[in-house]
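The values are calculated or read from the model by the stated rules, or taken from the named source; none is laboratory data. Note that this is a predicted model, so its numbers are computed, not measured. Quick reminder, even Gly has a Cβ in these numbers, built from the backbone with ideal geometry, and neighbours come from all protein chains shown.
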Amino acid sequence: MAGSMSRARVARRIATAAAFGGGGISLLGGAAVGLLLTEARLAKRVVGGSGDVPPRADGRYGSAFAHRTDEAPLRLGFLGDSTAAGQGVRRARETPGALLASGLAAVAERPVKLVNVALSGAKSDDLDRQVSLLLNPALPPPDVAVLMIGANDVTRRMPLAASVRLLSDAVRRLRAAGCEVVVGTCPDLGSVEPVYQPLRWLARRASRQLAAAQTIAVVDLGGRTVSLGDLLGPEFEARPRELFGPDNFHPSAEGYATAAMALLPTLCASLGLWPEADEQPDARRGEGFLPVAQAAAEAAAEGGTEVTAAHAVSSGPRGRWALLKRRRRHPVEQEHPQEDSGAAAGAAEGAAGRGA
């Protein structure tokens, strides 16, 4: 409990610094930074890079449901870095955007139009551009947007408070446009197979601090978060050849499917499409209401954990409260996208700009 409270305090400090324009929280001393950079250079010799352009998955999913409803397709926006773009797989249907669009269509029994503006290599300072692409005045805004961001902020040493502030700005714009928001928080960079100690420990610590601070900021703005950290940690460590792609850094098709299974229930719940019985906290799974900073710290240490604002208990002596959910994972089916000219036009600039 003491460790959880300590992590919660650090996350709250970072989120507070972001809210008030602070520069950031110093994570490492000078000697540690030097060691980190030396270890990072060694790791880069082993971790392969990938110059492949992620497969484009924009289009319409769940077209089989079109004849069952007169409602317009749900619009799903995807933003973030190479993980959101689907770097590391060769087929569009294997990307997280396609997997979630297929899963959402199956649950809603309604077509889903996917527009992905994520950019490989992006940091949080690219989110403003991506949101502008997604909120194209010529098109309706997305019903829900999924953001996966943070890994490059850690590896390129962006101040954590600055990273959180930029994410907050993006979420605020999306929420103002009437869009539900789900953020897959910073993954556990300590899970990258060729990275050894002490770099592995430092990367894990920084990743979890950022993920917790991201959660506090997003929940305060009415969004939901799902921790990808521990999800992409022990499971990747146990089966790296299956869950990492050929470059030993980005997820494989199975790795993306694992992440998509964790995100799908939260994505559906944000639109009111998940069974009401599953929306109540289950004490047997360790779910319940907690101060948001404590919930954020616990979620950062356990993959697949959702944090959302608590409506029944809005605030307490330690500030806003949140609901911590450990949702059961459900498999998502793969589907080929059907190109849609409207969606393609809305994401053309983002797709054209994707690179390594």
Scanning the stretch 69-84 residue by residue, those out of contact with any Ser or Thr (no Cβ under 8 Å at 6 or more places or on another chain) and hydroxyl-bearing (Ser, Thr, Tyr) turn out to be Thr69, Thr83
* Scan the stretch 154-176 and give yes if some residue there is hydroxyl-bearing (Ser, Thr, Tyr) and under 28 Å from Pro275 (Cα atoms), otherwise no. => no
With criteria (1) free of Cβ contacts under 8 Å to residues at least 12 places away in the same chain; (2) among the polar types (S, T, N, Q); (3) more than 24 Å from Ala176 (Cα to Cα), Ser102 comes up short on (1)
Of those in the stretch 131-156 that are closer than 30 Å to Arg205 by Cα and free of Cβ contacts under 8 Å to residues at least 60 places away in the same chain, the residue surrounded by the fewest Cβ atoms within 10 Å (Cβ to Cβ) is Arg156
Does Pro187 satisfy the criteria of being assigned to a loop (DSSP other than H, G, I, E, B), modelled with pLDDT of 95 or more and either acidic (Asp, Glu) or surrounded by 22 or more Cβ atoms within 10 Å (Cβ to Cβ) (or both)? no
